[in-house]
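For reference, the structure I am asking about is given below.
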Amino acid sequence: ENLMAARTEAKAAMVLQNEDAKRASYALRSAEEDWGFARQKAGASPEDVELAAVALNASLTLYEATGEEKYKEAAITYGDVILQSQRQQNLTGDIAMKGFFYRSPDKESILHYAHRGHEQDLVIGLARLSRKFSGHSNKADWDRAIRLYADYYKKISDYTDPYFMLPAGIYDLQDAGEDFEREQIQNGFQLSDRFYLKSFPTWPAFRGNSGTILSQAKGLSVVGEYLDDKELQELAYRQLDWHLGLNPFNQSLM
């Protein structure tokens with residue numbers, strides 16, 4: 001929460017700079033305090049890809065607002081955590097799927113959202129890094145991760161043809177903690193004895209898929225623009241269609 005606040009405050013400082021210098025200064029000071037507090041608590045290289053993603057975007061925005069090198073260095077470090085948390089080889093010898101993210105660099109648990117998503121932070125952060133520091137030695141790695149992510153969503157969205165709703169992703173039966181979770185996973189598309197592709201998330205408690213899909217769509221729209229990939233942009237638009245009535249219920253979800 002501190003990092004999300006820091007990003008917003010830093011952006012506000014830039015927006016207000018020419019019209020309300022006093023408030024802009026206060027916003028920037030608040031951003032730096034929030035970022036510093038979060039950095040102290042989470043560490044310089046958190047073992048949590050979601051935390052790293054929001055920290056990356058906060059650091060980049062603070063770098064844009066201040067030009068201070070420490071924010072650039074932090075952003076690149078957080079980007080490394082994201083790269084290390086991505087599946088960049090086929091899931092198995094028989095399952096040619098890759099490009100999705102795990103919860104941490106140890107790659108033990110696949111990242112999923114069951115109610116509200118922040119997945120856009122991952123790929124938007126990488127695209128921002130690649131744009132901002134185009135001469136950096138990591139640029140090829142950032143671009144490769146972005147392309148793998150794009151190709152992954154193109155591939156799995158074919159499973160929901162003709163609507164092309166973005167699936168919730170690959171689930172591992174070994175991660176199922178309860179019998180009902182196992183049953184929900186096995187209702188997906190079977191990829192192997194262990195892995196399934198789920199259209200909808202497994203829902204132990206929370207409900208609702210719109211916040212998950214729209215987060216993914218936001219990420220894909222930015223990646224589609226970055227790669228100049230019309231097919232990917234169209235896939236992002238499909239998610240808006242889904243929400244406004246192009247779905248099996250013929251009903252707007254708004």
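The values are calculated or read from the model by the stated rules, or taken from the named source; none is laboratory data. Quick caveat, the model's predicted, so the values are computed rather than measured. A quick note on method: Cβ atoms are made from the backbone with ideal geometry, for glycine too, and the neighbour counts reach across all protein chains shown. Heads up: the accessible areas ignore ligands, DNA and RNA and are worked out on the full protein's heavy atoms, side chains in. Shrake-Rupley method; radii C 1.70, N 1.55, O 1.52, S 1.80 Å.
Just one of (1) open to solvent by 10 Å² or more (accessible area, probe 1.4 Å); (2) at pLDDT 95 or above trips up residue 93, so point out which.
(2)
Could you tell me which residue of segment 104-122 is surrounded by the fewest Cβ atoms within 10 Å (Cβ to Cβ), considering only residues that are in a loop (DSSP other than H, G, I, E, B) and touching an Asp or Glu at 6+ places or on another chain (Cβ under 7 Å)? Explain how you work it out, then say what you get.
Narrowing segment 104-122 to residues in a loop (DSSP other than H, G, I, E, B): 104-109, 111-119.
Imposing the further condition that a residue be touching an Asp or Glu at 6+ places or on another chain (Cβ under 7 Å) reduces the set to 104-105, 109, 113, 118.
On the way: 104: 19, 105: 18, 109: 12, 113: 19, 118: 17.
The residue in question is 109.
Shifting gears a bit: Which pairs have Cβ atoms under 7 Å, sit 6 or more apart or on different chains, and link a residue in segment 146-161 that is on the phi > 0 side of the Ramachandran plot to one that is open to solvent by 10 Å² or more (accessible area, probe 1.4 Å)?
Short answer, once both residue conditions are applied: none.
Hey, among the residues in segment 127-170 that are open to solvent by 50 Å² or more (accessible area, probe 1.4 Å) and acidic (Asp, Glu), which one's farthest from residue 53 (Cα to Cα)? So that I can check it myself, show each step before the final result.
Going residue by residue through segment 127-170, those that are open to solvent by 50 Å² or more (accessible area, probe 1.4 Å) are 131-132, 134-137, 139-141, 144, 147, 151, 155, 158-159, 161-163.
Going one step further and asking which of them are acidic (Asp, Glu), we end up with 141, 151, 158, 161.
Working: 141: 16, 151: 20, 158: 27, 161: 30 Å.
Result: 161.
Can you tell me which condition residue 193 does not meet? The list is (1) within 29 Å of residue 245 (Cβ to Cβ); (2) open to solvent by 50 Å² or more (accessible area, probe 1.4 Å); (3) acidic (Asp, Glu), and all the others hold.
(1)
Among the helices (runs of 4 or more DSSP H) lying completely within segment 140-254, list those that include at least 1 residues that are among the β-branched types (Val, Ile, Thr) and over 20 Å from the mean Cα position of the chain (by Cα). Steps first, answer last, please.
Values: elements: 179-186, 210-227, 230-244.
It comes to 179-186.
So that you can scan it fast, the table gives a plain yes or no per residue for (1) over 30 Å from residue 203 (Cα atoms); (2) over 18 Å from the mean Cα position of the chain (by Cα); (3) in contact (Cβ under 8 Å) with a residue 40 or more places away in the chain:
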residue: 4; (1), (2), (3): no, no, yes
residue: 10; (1), (2), (3): yes, yes, yes
residue: 33; (1), (2), (3): yes, yes, no
residue: 44; (1), (2), (3): yes, yes, no
residue: 69; (1), (2), (3): yes, yes, no
residue: 104; (1), (2), (3): no, no, yes
residue: 111; (1), (2), (3): no, no, yes
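In addition: State all residues of segment 190-228 that are among the small types (Gly, Ala, Ser), under 17 Å from residue 154 (Cβ atoms) and in contact (Cβ under 8 Å) with a residue 24 or more places away in the chain; if no residue qualifies, say none. Steps first, please.
Filtering segment 190-228 for residues among the small types (Gly, Ala, Ser) gives 192, 199, 205, 208, 210-211, 215, 217, 219, 221, 224.
Retained after the next criterion (residues that are under 17 Å from residue 154 (Cβ atoms)): 199, 217, 219, 221, 224.
Result: 199, 217, 219, 224.
May I ask you to verify whether residue 85 is within 30 Å of residue 158 (Cβ to Cβ), among the hydroxyl-bearing types (Ser, Thr, Tyr) and buried (at least 16 other Cβ atoms within 10 Å of the Cβ)? Don't jump to the end; show me each part of the working.
Working: within 30 Å of residue 158 (Cβ to Cβ): yes; among the hydroxyl-bearing types (Ser, Thr, Tyr): yes; buried (at least 16 other Cβ atoms within 10 Å of the Cβ): yes.
Here the answer is yes, as residue 85 does meet what is asked.
In the list 66, 61, 8, which residue meets the criterion of being open to solvent by 90 Å² or more (accessible area, probe 1.4 Å), of a type in the set (S, T, N, Q) and modelled with pLDDT of 95 or more?
Numbers: 66 fails: open to solvent by 90 Å² or more (accessible area, probe 1.4 Å); 61 fails: open to solvent by 90 Å² or more (accessible area, probe 1.4 Å).
Every option except 8 fails the conditions.
Of the residues that sit in segment 216-252 and are among the aromatic types (Phe, Trp, Tyr) and over 18 Å from residue 125 (Cβ atoms), which one is modelled with the lowest pLDDT?
Of segment 216-252, the ones among the aromatic types (Phe, Trp, Tyr) are 226, 237, 242, 249.
Then drop every residue that is not over 18 Å from residue 125 (Cβ atoms), which leaves 237, 242, 249.
Working: 237: 96, 242: 97, 249: 91.
By that ranking, first place goes to 249.
Have a look at 135, 99 and point out the one that is touching a strand residue (DSSP E or B) at 6+ places or on another chain (Cβ under 8 Å), closer than 19 Å to residue 226 by Cα, modelled with pLDDT of 95 or more and assigned to a loop (DSSP other than H, G, I, E, B).
Numbers: 135 fails: touching a strand residue (DSSP E or B) at 6+ places or on another chain (Cβ under 8 Å).
From the options 135, 99, the qualifying one is 99.
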